[in-house]
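A quick write-up on the structure given underneath.
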Amino acid sequence: MIPERFRLGWVYVAIVTITLMSGCHTDKPPQEIAQHFWDAMKVQDVENGRKYATTSTRTLIDTSDEQFKDAVVTFGKIIIDGDLTTIDTSVRLQKHGTETTIPIQTILKKEDGEWRVDYAQTKETIKEDDTFSDIAKKLEALGGKLSERMDEALGEIKQKMPEYEEKMKKAGEAASKKLDEALQRYVTEIKKGIEKLGGILDEVLKKESDKGQQEKPEAEPKTMNL
C-alpha cells in the first residue's frame, strides 16, 4: 500500500506539470497572425505566407502573386465572432508611380485551435473599382494615342498636299488661300486641345501624388466583440 504522503506528492507533481505545460502553450491573437501573414506577403515570402494561411488557401500563395509586393499594411477595427475574425485593413501600394490605398478586410479562421488567414475570402473583399489615379492614367494614355493618330493624319495630309495644291491652282488663288488658312486653324485647335488635356491630367496626377504622400493613415481604435 502506497503511503498517504507519497500519493499527495504525486498529485502535487502532476498538478505542477499540467500547469507548466498549459502555461507554455498560449494562443497567438488574430492580429498577430495577420501581421505575420502580411509581413510575408509584402516581401513575397511564400513559405511563411502559407504558414499563416488556412490549409485550403495555402496553394493560392505563390511567387507569381505580386499584388501586395512592398505594401504598407495597417489595421483598424477588429471583430471576433467565435472562430471567425474580421480585421479592417488598409493596404498602401505604389501603382504607376502613384500611391494608392486599398481598403480590404483580413479574414481569419481557427484551425486546430490556432488563427489562420483565409486568403481566398480576404481577396474577395478587395474592391476592384478603378481609383481616381487609375482613371487619370488611362485618360493620359488615351491622350497620347490621340496625339499619335493626329501626327499620322498630318503626315497623310502632307503627302497629299501636292495633289490638293494642284486642284487649288485650278480653282483659283483665293480658294487655295482660304483652304490653307482653314487647315492651319483646324490643326492648331486640335493641338491646343491635346496640350490642354495633357496639362489637366498632369495637374490631377500631381495633386493625387502629393495627397498620398501627406496622408498617413492611422489605425482605428481596436474593438473586440467576443
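The values are calculated or read from the model by the stated rules, or taken from the named source; none is laboratory data. Bear in mind the structure is a predicted one, so any value in this text is a computation, not a measurement. Cβ atoms come from the backbone with ideal geometry, glycine included; neighbour counts cover every protein chain shown.
Which residue out of GLY172, GLY143, GLY199, GLY155 is surrounded by fewer than 13 Cβ atoms within 10 Å (Cβ to Cβ), at pLDDT below 70 and outside the structural domain of ASP83 (by TED's automatic domain parsing)? Result: GLY172 is the single residue among GLY172, GLY143, GLY199, GLY155 that is surrounded by fewer than 13 Cβ atoms within 10 Å (Cβ to Cβ), at pLDDT below 70 and outside the structural domain of ASP83 (by TED's automatic domain parsing).
Let's see how each residue does on (1) exposed (fewer than 13 other Cβ atoms within 10 Å of the Cβ); (2) assigned by TED's automatic domain parsing to the domain that holds ILE102; (3) among the acidic types (Asp, Glu):
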residue: ASP39; (1), (2), (3): no, yes, yes
residue: ARG50; (1), (2), (3): no, yes, no
residue: ALA53; (1), (2), (3): no, yes, no
residue: GLN67; (1), (2), (3): yes, yes, no
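Here SER56 passes the criteria (1) in a helix (DSSP H, G or I); (2) without any contact (Cβ under 8 Å) to a residue 40 or more places away in the chain except the one numbered (2). Could you please find all residues in the range 69-113 being farther than 28 Å from ASP27 by Cβ, touching a helix residue (DSSP H, G or I) at 6+ places or on another chain (Cβ under 9 Å) and surrounded by 16 or more Cβ atoms within 10 Å (Cβ to Cβ)? ARG92, THR98, GLU99, THR100, listed by residue number.
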